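Read-outs: derived from the displayed coordinates by stated rules, not from any lab. These numbers were taken from a predicted model, which means no experiment stands behind them. Using ideal geometry, Cβ is built from the backbone for each residue, glycine included, and neighbour counts are taken over all protein chains shown.
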Amino acid sequence: MRAKVNPGKFFAIVTSSLALLFLPLPTASAAPTCAQGGLCVLGDTGPGGGKVFFVKATGSFTKSRTVSDFMSSQTYTVSLTSAQQAALTFDYLEVAPTQSSSMRWGSNGAITGGTGSLIGTGASNTANIVATFPSDTTSNNVAHFADNYTNNSKSDWFLPSYDELLLVMILSLESDSGGPNIGSFPDGLWASTSSDNSNARYSARNQLSGYVVKASSAKSVAIRSFSQAAQSPDSNIDSDTAKRQREAERAAAVKAAREKLNAALSANTPISVKDISDAEAPLKSVDSLLAAYQELIAFKKNLTTPLSQDAANKVKFKTIMKYSTIERITGVSSGQVFGCDLVTYGVIDPVTPMKQLATYQLMKLPLSERDSLAKINAYFEKSSASFLARKEHLKGIIAKINNG
């Protein structure tokens with residue numbers, strides 16, 4: 001049964017333009033840049049603030065670099081078959097603008113799940129390394145560093161596989177002779193590809209291929225994958241009369257749907273999924289919409305001083321993202337989920353230990369074990385308690401060793 005709400009409280013939050021919970025009306029706009037989710041080419045700045053160094057295309061992919069000296073020459077090649085490239089789940093790769101300090105690759109030992117070398121394996125390599133060595137940190141494990149890296153509000157970075165890193169180095173060398181500028185990489189860098197229990201792959205401008213002991217020190221750089229945002233066929237400015245008419249009709253339909261949804265909320269009458277879809281609301285389920293609605297009303301009720309429009313928009317955005325993230329966890333919508341986002345949007349407490357690993361393991365659970373906020377909260381409570389217990393146990397073992 002739905003809880004009763006005071007409709008006056010809702011309209012105290014809502015502006016005359018449309019409800020606080022919803023997206024702005026569609027308008028014609030210029031084509032988005034690469035950083036905004038549009039088309040990208042090599043060297044463009046991506047959404048994460050890095051430089052694009054891989055663009056998915058049709059057919060096979062090959063990029064080579066031949067290094068010669070007075071005695072011999074060696075060709076290094078990054079390649080994908082047509083099938084391998086077609087199977088990639090992203091359109092682009094971008095490399096971060098900053099690098100880590102020098103540190104060891106990580107702990108020795110076999111990686112559960114293994115690691116790959118091809119383009120497209122860096123993300124799974126990183127996840128496997130972090131899961132295999134959960135006690136390592138961002139200062140002694142380069143996969144942990146990349147996994148926790150954040151830039152331009154993007155937190156889905158990972159440590160590149162060997163081929164991904166080799167491509168960065170080859171393009172970096174090509175930029176010296178007029179190729180696309182993807183950044184400066186004066187130091188040798190770690191790859192996420194482990195060659196055996198004690199050695200890992202490495203690449204540098206002056207040594208494109210290397211196998212280095214994991215206990216050695218070297219820097220690393222994170223990368224991330226992304227795809228072009230879905231674009232409406234009516235998203236670009238066009239003088240065609242018919243197109244403008246379609247835009248006007250769509251805007252009018254969305255406005256009417258949002259007004260209907262506002263009226264249903266204010267009257268506390270039933271809302272359907274179709275009502276939400278027609279209004280192009282940012283949340284997909286009725287439960288999520290009502291939960292966000294109630295949270296905003298509670299926030300407004302507890303205010304002691306008025307908020308600026310900018311501050312109100314930030315509250316709206318954080319609330320929407322909180323329930324959008326919960327929808328991804330519970331399977332209502334699709335998309336990646338990261339531990340730092342759960343903290344940012346208020347889903348979990350900032351002091352939750354091993355947030356990223358716990359979130360990764362949460363998303364591996366059957367949907368039936370994470371299909372409600374109550375189950376999500378219970379999981380993190382149990383995960384935190386288990387981690388702290390293991391930590392205390394390890395401290396006890398170390399204390400015994402130190403005391404002889």
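Some points to look at:
- Counting other Cβ atoms within 10 Å as a rough exposure proxy, the listed residues Ser383, Ser79 run Ser79, Ser383 from fewest neighbours to most.
- Fully extending the segment from Ser368 to Ser216, taken as 0.36 nm per residue of separation minus the present Cα-Cα distance, adds 50.3 nm.
- Fewest-first sequence of Cys34, Cys40 by Cβ atoms within 10 Å of each Cβ: Cys34, Cys40
- Only beta bridges with both residues in the range 51-226 are counted; by DSSP, about 95 percent of them are antiparallel.
- C-alpha center-to-center spacing [the range 171-213, the range 103-139] in angstrom: 17
- About the Cα centre, charge dipole magnitude for the chain (Lys/Arg +1, Asp/Glu -1 at Cβ), debye: 1140
- Cross-link table Lys355/Lys391; Lys260/Lys375; Lys364/Lys395; Lys355/Lys375; Lys314/Lys375, entries beyond 25 Å C-alpha to C-alpha: Lys260/Lys375; Lys364/Lys395; Lys314/Lys375
- Among Arg390, Arg258, Arg201: highest mean-square fluctuation, GNM of the chain, C-alpha pairs under 10 Å: Arg390
- Once both labels are positioned 7 Å from their Cα atoms along Cα-to-Cβ, the gap between Thr62 and Ala399 label points is 6.3 nm.
- Taking His393, His144 and counting other C-beta atoms within 10 Å, the order from fewest to most: His393, His144
- For the Cα trace of the chain, dividing Rg by the Kirkwood Rh returns an Rg/Rh value of 1.03.
- Think of the range 274-404 as having a plus end and a minus end, set by charges on the Cβ of Lys, Arg, Asp and Glu; of Ala312, Ala291, Leu367, Leu367 sits farthest toward the positive end of this dipole.
- Shape category assigned to the range 51-226 from the gyration tensor of Cα positions, a/c cut at 1.5: rounded
- Farthest toward positive dipole pole in the chain [+1 Lys/Arg, -1 Asp/Glu at C-beta], among Ile329, Gly179, Thr352: Thr352
- Candidates Asn125, Asn302, Asn313: whichever shows maximal mean-square fluctuation once the chain is modelled as a Gaussian network with Cα springs under 10 Å: Asn302
- J(HN,Hα) series, the range 97-114, from Karplus relation 6.51 cos²θ - 1.76 cosθ + 1.60, nearest Hz, glycine and proline x: x, 10, 10, 7, 6, 5, 7, 5, 4, x, 6, 6, x, 6, 8, 4, x, x
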